[in-house]
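Below is one structure, written out as structure tokens; comments come after it.
The values are calculated or read from the model by the stated rules, or taken from the named source; none is laboratory data. Keep in mind it's a predicted model, so treat the numbers as computed, not measured. Because the Cβ atoms are built from the backbone with ideal geometry, glycine has one as well, and the counts that use them run over all protein chains shown. Note: areas computed on protein heavy atoms with side chains; ligands, DNA, RNA excluded. Shrake-Rupley method; radii C 1.70, N 1.55, O 1.52, S 1.80 Å.
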Amino acid sequence: MSWFEKPAEAPARVPTEAIWAVCPSCKVYVAREAWDAADKVCPRCNYHARLSCRERVALLTDAGSFKELNADVSFNDPLSFEDSSGAYADKAKATVAKTGVGESILTGTATIEQIAVVLGVMDFRFLGGSLGSGTGERIRLAAEKAIALKRPLIIASASGGARMHEGIVSLMQMAKTCAAIARVKEAGLPYISILTDPTTGGVSASYAMVGDLNIAEPKALIGFAGRRVIEQTIKQKLPDDFQTAEYTLAHGFVDHIVPRKELKAFLAKVLRYAGY
Amino acid sequence: MAKKTEKKLTAWDIVQIARHAERPNITDYIRLMCDDFVELHGDRLFGDDRALIGGFATIGGRKVMLIGHRKGRGVEENIEANFGMANPEGYRKAMRLMRLAEKYSLPVVSFVDTPGAYPGSEAEARGQAEAIAHNLEFMATLKTPIVVVVTGEGGSGGALGIAVGDRILMLQNAVYSVISPEGCASILWRDGSKAPQAAEALKITAESLKKLGIIDAIVPEPTGGAHIDPAATAAAVKKAVLANLDALCAVPLKTLVAQRYEKFSAMGQA
Ligand SMILES: [Zn+2]
């Protein structure tokens, strides 16, 4: 067969991303199999890449123990919001279809090393993990479920903050979720917050920051205001480690930084200290 | 020209009134509304934020704990007040004073007027997010009535950090928003000059927020805005605050706190 002849059966082209993963932080190529086996933690720079909510549920809970709650609570469009790129409702619907979750948080009951908990896991793919009214409602219902079942509440955050498309209603979810968390605490139940990359804006300034324990993944971005906004305000360049999990711990706002591989065992250990 | 003032104001027009340099600020309201004010300084942890002040106040013979953002008048005073942008110690001072209010059975009156919490590197280091978050949690269960008045700019989390209450009142030309119209326009429209459109879309005016069930009542302003007649504005605010305090103080505390929870739980689930 000469070089210009096609082989009778061309091998199917394997897409690059199926073979290689690229670390979003240091851009190193890692074999996809090794990347997935390491739960998307970069072997070179230890960046903990973002997980989908289902991936994180699998990471944190006993196999088969997770049962979703309030799947019917989905996004709302209280402002009938439209911007130059179209209607929010259309974008949200497309996001639901793409991610398979109805909001930026997945909530449910589960066990962690046989300890029964109520768990919420945010998904950054859902409009940047933004805090919509559906997100707030799912969190409130999860908190009330924890109280009803007398179980600890655990929320893993991954969010850029409020959802602009829901305007003031999004802002009010900060108050609403904190009120629900306050009730969990009043009931004497543990509330553990896990801060993953990123946890910023209105989510860091509400339920993510008020855990009995605030646990962070290594190198996660954690902060209130955006780096660019701060740099413009103070007219200075900020150091690279600004608003990292390590920075946040050093300033007293995080209890412990736990590598992803050890997170489940760590949660079980501290829950046992809490009497479970 | 008369015709123009009679025309319905756009959201962007109202933003300009809310930010007007001569708009009454908390210092004016204290002077015009209160029979007495004893400022209480400091968060007992770091310092005394001049962008968020508070203290014992007497309004129409009624003793309250007054807290609020502080904007200045003129450049010098505004620099001292950090243009009403509080640092974590401001929110922590507010919490300290609200704890005292609970202890002394004083209702809290909170005046909101801020472009937002201060976005500075020191603010981050001292836990701006934690300070606001903790206030939200704390105010949700505070066992004393809380009346909030949005008097000027209700700027996002920096506003909400002292705005969880049993009654949320808003001056007619105040605004309350998750993000500034300019910020929203530059992100979602990729063009900061589209701020007027963003202001409209975000529904940040008192009229819109009343319809959305976020605020309870609108306090009227003189034609043209509060700065036209600060005394009349303060009188209207005083009347509204006192009426709401009367109503709230009649409610048993347990019921009050339960109703506060229901109020915020309902937001976004209409
Ligand atoms: Zn890497």
**Prompt:** Name the residues of the range A:204-221 whose accessible area, probed at 1.4 Å, falls by at least 30 Å² once all protein chains are in place instead of their chain on its own?
**Reply:** A:Ala205, A:Met209, A:Val210
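Treating only the Cβ atoms of Lys and Arg (+1) and Asp and Glu (-1) as charged, compute the dipole magnitude of chain A about its Cα centre; round to the nearest 20 debye.
My answer is approximately 300 debye.
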**Request:** Please work out the Kirkwood hydrodynamic radius for chain B, using every pair of different C-alpha atoms, and report it in angstroms with one decimal place.
**Result:** 18.6 Å
**Request:** List the extent of the Cα atoms of the protein assembly as shown along each of their three principal axes, largest first, rounded to whole Å.
**Result:** 94, 60, 44
**Prompt:** Of all DSSP beta bridges in the protein assembly as shown, what percent run antiparallel (nearest 5)?
**Reply:** 45 percent
**Request:** Divide by every residue of the protein assembly as shown the summed helix terms, -39500 (n - 2.57) for each DSSP H run of at least 4, and state the resulting mean residue ellipticity at 222 nm, rounded to the nearest 500 deg cm²/dmol.
**Result:** -11500 deg cm²/dmol
**Complete:** Rounded to the nearest 10, the angle in degrees between the Cα long axis of helix A:167-186 and the longest principal axis of the Cα atoms of chain A comes to 60 degrees
**Message:** Can you compute the radius of gyration and Dmax for the range B:118-270, using only the Cα atoms, both in Å?
**Reply:** 16.8, 50
**Request:** Report, in cubic angstrom per residue, the convex hull volume of the C-alpha atoms of the range A:83-218.
**Result:** 104 Å³
**Item:** Exposed trypsin sites (Lys or Arg not before Pro) absent: longest stretch of chain B, with sites in DSSP loops and at most 16 other Cβ within 10 Å deemed exposed
**Value:** B:191-270
**Item:** 1.4 Å probe, heavy atoms, protein only - residues of the range A:121-139 losing at least 20 Å² accessible area vs chain alone
**Value:** A:Glu137
**Asked** Which of rounded, prolate, oblate describes the range B:85-126, given a ≥ b ≥ c as roots of the alpha-carbon gyration tensor eigenvalues and a/c under 1.5 marking rounded, otherwise prolate only if a/b is larger than b/c?
**Response** oblate
**Message:** With a 1.4 Å probe and all protein chains left in place, how much accessible area per residue does the protein assembly as shown have, in Å²?
**Reply:** 41 Å²
**Prompt:** Going by the alpha-carbon gyration tensor, a ≥ b ≥ c the square roots of its eigenvalues, is the range B:1-109 rounded (a/c under 1.5) or, if a/c is not under 1.5, prolate (a/b greater than b/c) versus oblate?
**Reply:** prolate
**Complete:** Taking A:Trp20, A:Trp35 and ranking on accessible area (1.4 Å, protein atoms only), highest first, one gets A:Trp20, A:Trp35
**Asked** Carbon and sulfur together cover what percent of the accessible area of chain B at a 1.4 Å probe radius?
**Response** 56 percent
**Prompt:** Mean 1/r over all different Cα pairs, inverted: what Kirkwood radius does chain A give, in Å?
**Reply:** 19.9 Å
**Prompt:** What number, in percent, do you get for the relative contact order of the range A:50-273 if the mean sequence gap of Cα pairs under 8 Å and at least 6 apart is divided by its residue count?
**Reply:** 17 percent
**Request:** Using the structure shown, list the pairs from A:Lys145/B:Lys211; A:Lys91/B:Lys194; A:Lys67/B:Lys143; A:Lys185/B:Lys143; A:Lys145/A:Lys185; A:Lys145/B:Lys254 with a Cα-Cα distance above 25 Å, or answer none.
**Result:** A:Lys145/B:Lys211; A:Lys67/B:Lys143
**Request:** Using a 10 angstrom cutoff on alpha carbons, build the Gaussian network for chain A and name the most mobile of A:Ser25, A:Ser52, A:Ser193.
**Result:** A:Ser25
**Item:** On Cα atoms only, tilt of A:88-99 relative to the major axis of chain A in degrees
**Value:** 70 degrees
**Request:** Find the cysteines in chain A that fail to meet the 4.7 Å Cβ criterion with every other cysteine, and list them.
**Result:** A:Cys53, A:Cys178
**Item:** Three-way shape label, the range B:33-93, alpha-carbon gyration tensor, a/c 1.5
**Value:** oblate
**Asked** If you take the accessible area of A alone, add that of B alone, and subtract the area of the pair, what total do you get in Å², probe 1.4 Å, to the nearest 100?
**Response** 4000 Å²
**Prompt:** Which one of A:Lys150, A:Lys261, A:Lys235 has the biggest mean-square fluctuation once chain A is modelled by GNM with Cα springs under 10 Å?
**Reply:** A:Lys235
**Request:** Name the most mobile residue of A:Pro152, A:Pro78, A:Pro259, meaning the one with the largest mean-square fluctuation, in a Gaussian network model of chain A with Cα contacts below 10 Å.
**Result:** A:Pro78
**Request:** Give the cross-link partners of A:Lys235 among the lysines, using a straight C-alpha distance below 24 Å as the criterion and excluding same-chain residues fewer than 8 apart.
**Result:** B:Lys71
